[in-house]
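A quick write-up on the structure given underneath.
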Amino acid sequence: MENRIVVGGALVHQGRVLAARRSAPPEVAGHWEFPGGKAEPGETEQQALERELHEELGVRARALRRLPGSWLVRPGLELRIWAAELITGEPAPLQDHDLLRWLGPTELGTVDWLPHDREVLPHVAALLH
């Protein structure tokens, strides 16, 4: 069986990237991630990311390109992280998150990232320069 894809968005705006702190489920609560979610059947990764960022943050964003790497979050679930740009809206933690922070290139190490999100930070830092 093919893995289900989960897309995370490195949402970039004015030289900073958005980090979101998980509020659920308990095993990841308090850790930071790039927001996103599962692709629905028939959706492209870009469509899934744009939909998820709208649902989770209330913003319109455009998926730009996939960043290197993919991670097995759990059996059958594969995470891919995309660079995205904010088009309209002010992000708000609408679901699964309790706090958002815009981080500049020197601030990426200041939050406690989930392990797979931490691995993509060098690629995210390159987007901010």
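Here are some notes:
- Most mobile listed residue (57, 77, 11) in the chain, GNM with C-alpha springs under 10 Å: 77
- The label-point distance for residue 129 and residue 101, in a model that sets each label 7 Å from Cα toward Cβ, rounds to 2.2 nm.
- Two-site FRET efficiency, residue 4 against residue 88, from Cβ-Cβ distance with R₀ of 30 Å, rounded to 0.05: 0.55
- Between the range 40-80 and the range 1-26, the alpha-carbon center distance in angstrom: 8 Å
- Sulfur and carbon atoms: percent of accessible area, the chain [1.4 Å]: 50 percent
- Per residue, the range 1-112 exposes an accessible area of 51 Å² to a 1.4 Å probe, with every protein chain left in place.
- Spin-label pair residue 64-residue 13: with each label point 7 Å from Cα along the Cα-Cβ axis, the two points sit 1.5 nm from one another.
- Where GluC sites (Glu not before Pro) fall in DSSP loop in the range 17-57, at most 10 other Cβ within 10 Å: 27
The values are calculated or read from the model by the stated rules, or taken from the named source; none is laboratory data. The shown structure was predicted, so the numbers you read here are calculated from the model rather than taken from an experiment. Cβ coordinates were reconstructed from backbone atoms using ideal geometry, including for glycine residues, and neighbour counts include every protein chain displayed. Only protein heavy atoms, including side chains, enter the accessible area calculation; ligands, DNA and RNA are left aside. Shrake-Rupley method; radii C 1.70, N 1.55, O 1.52, S 1.80 Å.
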